[in-house]
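FYI, it's all coordinate maths here, none of it is from the lab. Everything numeric in this text was worked out from a predicted model, so none of it was measured. Here the Cβ is made from the backbone with ideal geometry for all residues, glycine too, and neighbour counts use every protein chain on show.
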Amino acid sequence: AEPFEQYIGPNVMPWLDRIFKGRELKLLGYNRQRIPGNWKLMMENIKDPYHPGLLHTWFVTFGLWRADQKSRMVMDEHGRHAVMISRRNEGGTNKSVTEGVTSFKADMALHDTRLLDVVPEAWWTVDDPSNSGTTITPTVTMITLFPSLIIQQQVNSLSTRHIVPRGAGEFDFVWTHFGFADDTEEMTQRRLRQANLFGPAGFVSADDGEVIEFSQDGFKQWGEGGSTLVELGGRGDDVGQPPTEHMVTETLIRSMYAYWRKAMGE
Ligand SMILES: [Fe+2]
């Protein structure tokens, strides 16, 4: 194997350092689930910036991730790893991103507002790796490390997700929720409450598991050797290009498949 820092590469490493460098972690808990779909569909899911604003009621209604946010798509020089970076906005109605989006519920409110009791943390702000001399303060970073690890910050919630394939049509998905050793008890509780968005029954993540199952069922209808293709915005993979500064793109997915085919000797 390549040395770790070399494997991750200079584009993605700063986003791992932002969360982990020099910090002692605190384990908060685990979730596990089994999803009846090909394992790569979960990597696609977390390299697809476009679906959260269409599919996830929680994201589009409460402004955690949607098309009118400032965002950036980063990949390593091989296209195998990626980071989807974005900044929360106020949610609510914006005609261009909520009209016709059935998952947007203008009148949805929370009985327990502590679920979205977001408190900004100092470590969120870092020197911008793509624009030296400026800083950047994302509220969400979704890091996908080839082939099977995801590391995510979604406001105050932090977790890793590990994909464990069980053949072509099924995988186990293992979530590890964590915080930092120097967190106050209040911050630990906040991270745990916000972790309810994720995991097998998560207010957001339950949707993804279900859609992966739908997709796998869709592929099956073509039988052994059949193929299914959905394209958004072209055929290139943008490997070696500067990061995309919006979320209407699927280059992170195409680049991952291009690398996967290379790794598999296709
Ligand atoms: Fe999703």
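Observations
- Relative contact order (%) - region 64-220, alpha-carbon pairs under 8 angstrom, separation at least six: 16
- Computed per residue of the chain from DSSP H runs no shorter than four, each worth -39500 (n - 2.57), the mean residue ellipticity at 222 nm is -7500 deg cm²/dmol.
- For region 4-263: span of alpha carbons on each principal axis (Å, largest first): 54, 44, 37
- Charge dipole of region 4-263 (Cα centre as origin; +1 on each Lys and Arg Cβ, -1 on each Asp and Glu Cβ, all else neutral): 240 debye, rounded to the nearest 20.
- The share of alpha-carbon pairs in region 53-172 lying farther apart than 22 Å comes to 47%.
- Here's the list of lysines a cross-link from Lys70 could span, going by alpha-carbon distance under 18 Å and ignoring same-chain residues fewer than 8 apart: Lys47, Lys95.
- For Ser157, no residue has an amide H sitting under 5 Å from its own, ignoring neighbours fewer than 5 places away on the same chain, with H placed 1.01 Å from N.
- Calculated FRET efficiency for the pair Ala263/Asp217, C-beta based, R₀ 22 Å, to 0.05: 0.20
- Label-zone membership for region 231-261, site Arg87, 7 angstrom Cα→C-beta point, backbone N under 15 Å: 245-247
- Taking chymotrypsin sites (Phe, Trp or Tyr not before Pro) across region 197-242, the ones in a DSSP loop with at most 11 further Cβ atoms lying within 10 angstrom of their Cβ are Trp222.
- Applied to region 219-236, the Karplus parametrisation 6.51 cos²θ - 1.76 cosθ + 1.60 on θ = phi - 60° returns per-residue 3J(HN,Hα) values of 5, 4, 5, 8, x, 4, x, x, 9, 9, 9, 10, 10, 10, x, x, 10, x Hz, with x for Gly and Pro.
- Computed FRET value (nearest 0.05) for Ala201 with Leu27, which takes r as the C-beta separation and R₀ as 22 Å: 0.65
- Gain on full extension, evaluated as 0.36 nm per residue between Glu186 and Glu224 minus their Cα-Cα distance, stands at 8.4 nm.
- Here the contact order of region 37-123, divided by its residue count and restricted to Cα pairs under 8 Å and six or more residues apart, works out to 27 percent.
- In order along region 238-244, the Karplus-derived 3J(HN,Hα) couplings, from 6.51 cos²θ - 1.76 cosθ + 1.60 at θ = phi - 60°, round to 6, 4, x, 8, x, x, 7 Hz, and Gly and Pro are given as x.
- For Phe203, the residues whose modelled amide H falls within less than 5 Å of its own, excluding neighbours fewer than 5 places apart on the same chain, are Leu197, Phe198.
- The mean sequence separation of alpha-carbon pairs under 8 Å and at least six residues apart, normalised by the residue count of the chain, gives a relative contact order of 29 percent.
- Maximal additional length on extending the Glu210-Val126 stretch stands at 26.7 nm, based on 0.36 nm per residue less the C-alpha distance.
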